[in-house]
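Contents: one structure, followed by commentary.
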Amino acid sequence: MNAEALRAALDQHPRTHLVAGVTPLVTAPRLRGTLGPETPELWIKLDEETGFGLGGNKVRKLEHELAPTRLDGVTHLITTGGAQSNHARVTAAAAARLGLGCLLVLNGTEPAHPTGNALLHRLLGAKFRWVGSRAEREPAMQEEAARIAEAGGRALIIPLGASTTLGALGYVRAALELHEQIDETRDRDVHIVLASSSGGTLAGLIAGFALVERPDIHLYAISSDTPRDELLRTAADLAGGAVERLGADPKVIADQLARTDASDAQVGDGYGIPTPASREATELFARSEGLLVDPTYTSKAAAGLVAAIRSGRFLAGDRIVFLHTGGHPALFANG
Ligand SMILES: Cc1ncc(COP(=O)(O)O)c(C=O)c1O
């Protein structure tokens, strides 16, 4: 399918407009220079600047999750995540924009002195339910939805990270954007490196590049918590579902899947816990390009990028695009 056909297929799906516009794709010559003479051409896609609620990848996904057709009679949004969830922040901001209540089911306990995203969740007017484990998230969301219904309201539950076949359409649109920003050349591969957790961002890119047929595009997802094989499986399932929503056969993703890889080598001691490599990458990005990466997702992806370049994973003539998925508020989180 060509770009126009994909745009037309996407436009069949109503969305609530939250993304400010096409996000910039910029070069990173000083970062490239710092990483050595063999480093391929390096670009950064600034999805930190999606332009709503302090930006990041969740803005694109929520445009579809919060399609006007899904909001009929809805009084509240409910979602879930960690205490510093970026997704919870953007959901709370969207609830405010839409005039809805927002209930966040978060892991942990109420912080005495909220900072980072936790501070913003409150500022945006969200209410909270605290749960101890990840397994408690889904039942707690269902309970809260039932409670809202008993009180005469109606809740829309947005799954973790908005990583659904619907949410992934936001990254199909991002793939289309990148397709138009990066010329296809016969002899140069493009490697897109990105942070991944619940897999929806990766899924949308797989689906989008499969649909516009870009044999030069390779995807490399750096996990912030999910084991590699599980991440690839989840992303493949979601990508197939997203493609079906766009009226195509899910089998079309096969070639793009073969050009998709993931790594969980940067997780270290766990989700949100910095590693020596993620700290080094954070300083490299900041001091060579003035680019800020967050401690949970993008610093680990940056560490994965640096490790891949140093290990010779890419050819000198390739082009690399680091997809910056946002997360800045966590830089100001204390605990
Ligand atoms: C800043 C940031 N980058 C990357 C991700 C990972 O995206 P996904 O859950 O779609 O894999 C998230 C959320 O989980 C995020 O908040």
Can you send over the carbon and sulfur percentage of the accessible area for the chain, probe radius 1.4 Å, protein chains only? 53 percent
Once you sort the root eigenvalues of the Cα gyration tensor of region 148-208 as a ≥ b ≥ c, which label holds: rounded (a/c under 1.5), prolate (a/b larger than b/c) or oblate (the other case)? prolate
What does the C-alpha gyration tensor say about the overall shape of the chain? Classify as rounded when a/c is under 1.5, otherwise prolate if a/b is larger than b/c, or oblate. oblate
Take every Cα pair under 8 Å in region 157-206 that's 6+ residues apart, average their separations, divide by the length, and report that relative contact order as a whole percent. 63 percent
Could you let me know the centre-to-centre spacing of region 71-109 and region 1-35, using Cα atoms, in angstrom? 25 Å
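List the chymotrypsin sites (Phe, Trp or Tyr not before Pro) within region 235-335 that DSSP assigns to loop and that have no more than 13 neighbouring Cβ atoms inside 10 Å.
Working: sites: 271, 285, 297, 314, 322, 332; in loops: 271, 297, 314.
Sites meeting the loop and neighbour criteria: none at all.
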As straight-line cross-link partners of residue 127, the qualifying lysines (C-alpha separation under 25 Å, not fewer than 8 residues apart within one chain) are 58, 61
Residue 183 accessible area, 1.4 Å probe, all protein chains in place, Å² to nearest 10: 110 Å²
Cα axis of helix 169-181 to longest principal axis of the chain: angle in degrees, 0 to 90, nearest 10? 30 degrees
With the contact rule set at Cα under 8 Å and sequence spacing of 6 or more, what percent relative contact order holds for the chain? 22 percent
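Can you give the local net charge around residue 65? Use residues other than it whose beta-carbon is closer than 12 angstrom to its beta-carbon, Lys and Arg +1, Asp and Glu -1. Let's see the in-between values first.
On the way: positive: 15, 58, 60, 61, 70; negative: 63.
Here the count lands on +4.
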Check cross-link reach from residue 251 to the aspartates and glutamates: straight Cα distance under 16 Å, and skip same-chain residues fewer than eight apart. 213, 237
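Below 8 Å between Cα atoms, with a sequence gap of 6+, how large is the relative contact order for region 235-335 in percent? Provide the component values of the computation, followed by the final result.
Details: 85 pairs, mean separation 21.3, N = 101.
Here the relative contact order equals 21 percent.
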Per residue, how many Å² of accessible area does region 67-157 show with a 1.4 Å probe? 46 Å²
Nearest 5 is fine: what % of DSSP beta bridges in the chain come out antiparallel, could you say? 10 percent
Mean ellipticity per residue at 222 nm, deg cm²/dmol - from DSSP H runs of n ≥ 4 across the chain, formula -39500 (n - 2.57): -12500 deg cm²/dmol
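For a test of the definition: using alpha carbon positions, the gyration tensor, and the 1.5 limit on a/c, classify region 67-157 as rounded, prolate or oblate.
Numbers: a/c = 2.01, a/b = 1.30, b/c = 1.54.
In terms of gyration-tensor shape, oblate.
The values are calculated or read from the model by the stated rules, or taken from the named source; none is laboratory data. All values reported here derive from a predicted model rather than from experimental measurement. Every residue, glycine as well, gets a Cβ built from its backbone with ideal geometry; the counts of neighbours run over all protein chains shown. The accessibility values were calculated without ligands, DNA or RNA, using every heavy atom of the protein model including side chains. Shrake-Rupley method; radii C 1.70, N 1.55, O 1.52, S 1.80 Å.
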